[in-house]
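Bear in mind these aren't lab numbers, they're just calculated from the coordinates by the rules spelled out. For clarity, every value in this text was computed on a predicted model and none was experimentally measured. Note: ideal-geometry Cβ built from the backbone for every residue, glycine included; neighbour counts use all protein chains shown.
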Amino acid sequence: MTDQNSAFKVALLSTGGTIEKTYDPLGGVLANDVSVLDVMLSQLALEGVSLRRVPVMNKDSLEMTSEDHDIICEAVLREAEQSDGVIVVHGTDRLTQTGELMAQKTRGASAIPIILTGAMRPWILRTTDAMQNLTEALMAVQLVDPGVYVCMHNRVLRFPGVEKDRDQLRFVPVSNEKLEVNS
């Protein structure tokens, strides 16, 4: 048994998104009604990790406002004071806005790793990427240098400079062409 004092302390913040969508058979829709993270976590062996779940909100990221991004960032900064790493489960459509804001708020010098993750397909679906992404984030938060990252689909990318490639359904570095246009 692992000593809780020597375990790597991770705060897992949930904000909703596709990863947490559940199916409502009466309405025939996927929605952010209840969190499925506890079910997902119960299927993992987390030896050496002390995990604290912190519910922040349960929204589809398309419905997030700039105030919601601020709320998430403030929650991350609060949890960072008492954790070795923070993971934010987030919707993929607005994940980069939160990541970029977090990189700005920490001025690129976060004292601990902050990992944003999510899923392109809900955990409830047979073809989900949710469990892979959550597992990868739990590993990455223990291995990467302090900073703000997105971890999904066998990739870890550091903010700033990350975008969602909607054609490939993955996160990629911002291309040099876009950097030159935005400069």
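With neighbours defined as other Cβ atoms within 10 Å of a residue's Cβ, the residues SER175, SER42, SER50, SER110 order from fewest to most as SER42, SER175, SER50, SER110. A simple count of charges around GLU81, restricted to other residues whose Cβ falls under 15 Å of its Cβ and scoring Lys, Arg +1 and Asp, Glu -1, yields +1. Listed from fewest to most Cβ neighbours within 10 Å, the set GLU47, GLU63, GLU100 follows the order GLU47, GLU63, GLU100. Sorting CYS151, CYS73 by the number of Cβ atoms found within 10 Å of their own Cβ, with the fewest placed first, yields CYS73, CYS151. Put a dot 7 Å past the Cα of SER66, heading toward its Cβ, do the same for THR127, and the two dots end up 3.8 nm apart.
All other residues with a Cβ under 13 Å from the Cβ of ILE115 taken together, and with Lys, Arg as +1 and Asp, Glu as -1, what is their net charge?
After counting each charged neighbour, the total is -2.
Among the trypsin sites (Lys or Arg not before Pro) in the range 66-122, those located in a DSSP loop and surrounded by at most 11 other Cβ atoms within 10 Å of their own Cβ are ARG107.
Placing dummy labels 7 Å off each Cα toward the beta-carbon, the span from ASN154 to ARG107 is 3.9 nm.
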